[in-house]
1. Please figure out what share of the DSSP beta bridges in chain A is antiparallel and state it in percent, rounded to the nearest 5.
2. In nm, one decimal, shortest first: how far is the label point of A:Pro21 (7 Å from Cα along Cα to beta carbon) from the matching points in the other copies?
3. What share of all Cα pairs of chain A, in percent, falls into each consecutive 10 Å distance bin?
4. Within a 10 angstrom radius of each residue's Cβ in B:76-84, how many Cβ atoms of other chains show up on average? Whole number is fine.
5. Evaluate the distance, in nm, between pseudo-label points positioned 7 Å from the Cα of B:Ile188 and of A:Trp178 along their respective Cα→Cβ axes.
6. To the nearest 20 Debye, how big is the dipole of chain A about its Cα centre, given +1 on the beta carbon of each Lys and Arg and -1 on that of each Asp and Glu?
7. Within a 10 angstrom radius of each residue's Cβ in B:118-126, how many Cβ atoms of other chains show up on average? Whole number is fine.
8. Hey, for A:Arg7 with labels 7 Å out along Cα-Cβ, what do the inter-copy distances come to in nm, ordered shortest first?
Number of protein chains: 2
Amino acid sequence: MSVAPWRSALENALNFSHSLPESRYFQLATVTPEGNPANRTVVFRGFCQDSDNLQVVTDARSEKVFHLQQTPKAEICWYFSQSREQFRLSGHISLITAEMSQFSTVRNQVWEQLSYQTRLQFFWPYPKRKRSKPETAFNSPPPAMETPPETFVVIIFSPYQVDHLQLKGNPQNRYLYWLEESGNWEWIEVNP
Amino acid sequence: MSVAPWRSALENALNFSHSLPESRYFQLATVTPEGNPANRTVVFRGFCQDSDNLQVVTDARSEKVFHLQQTPKAEICWYFSQSREQFRLSGHISLITAEMSQFSTVRNQVWEQLSYQTRLQFFWPYPKRKRSKPETAFNSPPPAMETPPETFVVIIFSPYQVDHLQLKGNPQNRYLYWLEESGNWEWIEVNP
């Protein structure tokens, strides 16, 4: 399978900023069940094998999971401060939860790539509830770390539109890519 | 008027990162008329005088203006890489357009604070349409720069909830602030 035409620009931006850990963070916007916008920073966990789909991990108890179950769409805003460019990716969402045994291989693979510290967070008390006391609630070693707990969810983001803005240059440069029903990507240069 | 209790934490983050221009950029999520999420990077243009309302500028021809006319709500995600903390601000939106002569003082004040280069962009060809040729379409000096053109819009963002996450520390710290109907801010410490 050939990769999408925006991939090389995105990989270039990632390579150029690879010394900055935050270059792998982006903002994921969702819509709440009430129809309101929501937005948070998440960590890019690579592309799914042989595809243009991006992977993110989340806690099953987090609000974005409830948002995405109702409206399985998101828009990623990924700004690279070093190269001064922005990628906006619009896409469909699939959630890989503990119940979906047919995708357990992918779920296990993503889990294995996480640091010990990141894995520990999936055993922490319920997010966004009143702060648990004492602090040992966060420090107890979990019973097992080899397989992901029920709280571990993988978000698969399948882009159908990419808006690439380069702020360097005067005037700025902007390119719009979109996925045709045929499965091919088209693109056009647009005004910034 | 007293400032909101989350203001000092946000001002600290801004002061700590003041050497980085991108620390004044944040991601603004909106909802499209079709109910889909949208997300883009914008520049913080300060607080409105004597208030906790944030100012952003935009082009009247940009899609976010159409989104906000239909759903006048947004969520800001503001990540500070140096201090490793995130502020998520949920708020109501007011748009100050050229037609709203009763707010022309505010609109003029924000215009005057912009750089020459930023002002020029409001005279560029229509955003996100097929790239205009020749390049002189972007370089013609505008007739007047003293007063803002019709394309210049100020977005006023009035927060009603703030979610402050500090990634430094183990476990992380997270504080939730919300605006009561009385006009007072309440807050609680929550699990990260």
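We did not get these values from a lab; they are worked out from the coordinates using the rules stated. What you see is a predicted model; the values in this text were computed from it and never measured. Here the Cβ is made from the backbone with ideal geometry for all residues, glycine too, and neighbour counts use every protein chain on show.
1. Details: 49 of 49 bridges.
Approximately 100 percent, going by the DSSP bridge assignments.
2. Shortest to longest, the spacings are 2.6 nm.
3. All Cα pairs considered, the percentages come to 8, 32, 34, 19, 6, 1.
4. On the way: counts 3, 10, 3, 7, 1, 7, 1, 0, 2.
Across the residues of B:76-84, the mean count of other-chain Cβ atoms within 10 Å is 4.
5. 4.4 nm
6. Numbers: 18 positive and 19 negative charges, 176 e Å.
Its charge dipole is roughly 840 debye.
7. Working: counts 0, 0, 2, 4, 0, 0, 4, 4, 2.
Mean partner-chain Cβ count within 10 Å for B:118-126: 2.
8. 5.0
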